[in-house]
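K.L.:
What follows is a single structure, and I will ask about it in a moment.
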Amino acid sequence: MVRAIDTSPQGLWLDPCMGPGAFVACLRNQGVHKDRIVGVDIDPKAGAEDDSAITVRGIDFFEWCASTPRTFNRIVANPPYVAIRKLHSTLQRSLMAFGTADDGCRLRLFKL
């Protein structure tokens, strides 16, 4: 997926569900500088590629998303797919606080 997207130096990359860093490793191997990559993961344990990106761990993506001023023009992810009703109540609250499709879903994350 990373190789299919332009890895030019102006790209600002986001991996919203970083895990151990498979996509970050690929970005690093493509020559993308760590200052151009942000990885977020709810798991507080360090991953193998944490030093290859600006890594934020131990926070729910939607909570982080609502608080960051950063914007991105490239997003790569392999998020876990879970029904919202099956999420822990704290994750459901952060998701609902983030917004709904009716209010624009805070598309400010993306430079269009």
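The values are calculated or read from the model by the stated rules, or taken from the named source; none is laboratory data. Computed from a predicted structure; not experimentally measured. We place every Cβ from the backbone using ideal geometry, glycine too, and count neighbours over all the protein chains shown.
Quick grid of which residues meet (1) among the acidic types (D, E); (2) over 29 Å from H88 (Cβ atoms); (3) outside any helix (DSSP H, G or I); (4) modelled with pLDDT under 90:
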| position | (1), (2), (3), (4) |
| --- | --- |
| R3 | no, yes, no, yes |
| M18 | no, no, yes, no |
| F23 | no, no, no, no |
| D35 | yes, yes, no, no |
| V40 | no, no, yes, no |
| K45 | no, no, yes, no |
| A48 | no, no, yes, no |
| T55 | no, no, yes, no |
| I59 | no, no, yes, no |
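K.L.:
Could you give every pair whose Cβ atoms fall below 6 Å, whose first residue belongs to the stretch 62-86 and is closer than 27 Å to C26 by Cβ, and whose second residue is at pLDDT below 90 and surrounded by fewer than 12 Cβ atoms within 10 Å (Cβ to Cβ), counting only separations of at least 6 or pairs across chains?
P.N.:
Matching pairs, first to second residue: T71/K111; N73/K111; V76/M1.
K.L.:
Next question. Which of the numbered conditions does P16 fail, given that it passes all the others? Conditions: (1) closer than 13 Å to I75 by Cβ; (2) over 14 Å from the mean Cα position of the chain (by Cα); (3) surrounded by 11 or more Cβ atoms within 10 Å (Cβ to Cβ).
P.N.:
(2)
K.L.:
State all residues of the stretch 61-86 that are assigned to a loop (DSSP other than H, G, I, E, B) and either at pLDDT 75 or above or surrounded by 15 or more Cβ atoms within 10 Å (Cβ to Cβ) (or both); if no residue qualifies, say none.
P.N.:
Hits for the stretch 61-86 are T68, P69, R70, T71, N73, V76, A77, N78.
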